[in-house]
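Enquirer: Just passing along the structure, written as structure tokens.
None of the figures in this text is laboratory data; all of them are computed from the coordinates on show. Being a predicted model, the structure only gives us computed values, none of them experimental. We place every Cβ from the backbone using ideal geometry, glycine too, and count neighbours over all the protein chains shown.
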Amino acid sequence: MHTQTAKLTFHIPHATSLKDKRQVCRSLIDKTRRRFNAAVSVVDTQGMYQTLTIGVVVVSGEFAYARQSLDEIVRFMEEHAEAELVGVEIM
């Protein structure tokens, strides 16, 4: 069994409150969960309304498939986020 994890950091320039951040967060997480079989959750920066940090975990029997899936998820989130992706840390 192989796992691949990533921590993605987004900047939400138009967010003026935590409510604005939650809208962006919920939309992005829901879209990603519907499209991919992966665990997705907010992992850091909960109190900062213009910064969103999301963790993603993929588990597979093959390392190459897990890595390919994670790369697809990162691209998908970058394209579908209502925010700017400013950092990706793959572990």
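Enquirer: Could you point to the residue in 25, 50, 83 farthest towards the positive end of the chain's charge dipole, with +1 and -1 charges on the Cβ of Lys/Arg and Asp/Glu respectively?
Expert: Looking along the dipole axis, the top candidate is 25.
Enquirer: Excluding same-chain residues fewer than 8 positions from residue 7, which lysines have a Cα within less than 18 Å of its Cα?
Expert: Straight-distance partners of residue 7: 21, 31.
Enquirer: Once both axes come from the Cα atoms, what is the angle between helix 63-80 and the longest principal axis of the chain, in degrees from 0 to 90, rounded to 10?
Expert: 20 degrees
Enquirer: When every alpha-carbon pair in the chain is counted, what percent end up more than 20 Å apart?
Expert: Details: 1237 of 4095 pairs.
Tail fraction, whole percent: 30.
Enquirer: Just in the range 42-91: which GluC sites (Glu not before Pro) are loop by DSSP and have at most 13 other Cβ atoms within 10 Å? Display every interim value, and only then the final one.
Expert: Numbers: sites: 62, 72, 78, 79, 82, 84, 89; in loops: 62, 82.
Loop-located and lightly packed - 62.
Enquirer: By how many degrees, 0 to 90 and rounded to 10, does the Cα axis of helix 18-35 deviate from the longest principal axis of the chain?
Expert: 20 degrees
Enquirer: Moving on to the next point. For every helix of n ≥ 4 consecutive DSSP H residues, a contribution of -39,500 (n - 2.57) applies; sum these over the chain, divide by its total residues, and give [θ] at 222 nm rounded to the nearest 500 deg cm²/dmol.
Expert: On the way: 2 runs with 36 residues, N = 91.
Mean residue ellipticity, 222 nm, calculated: -13500 deg cm²/dmol.
Enquirer: For residue 26 and residue 48 in one chain, what is 0.36 nm times their gap in residues minus the Cα-Cα distance, to one decimal in nm? Before the final figure, lay out the partial values.
Expert: Values: separation 22, 0.36 × 22 = 7.92 nm, distance 1.56 nm.
Full-extension gain reported as 6.4 nm.
Enquirer: Could you work out the mean projected area of the convex hull around the alpha carbons of the range 38-91, in square nanometres to one decimal? Mind dumping the intermediate values first?
Expert: On the way: hull surface 15.7 nm².
If you wrap the Cα atoms of the range 38-91 in a convex hull and average its projections, you get 3.9 nm².
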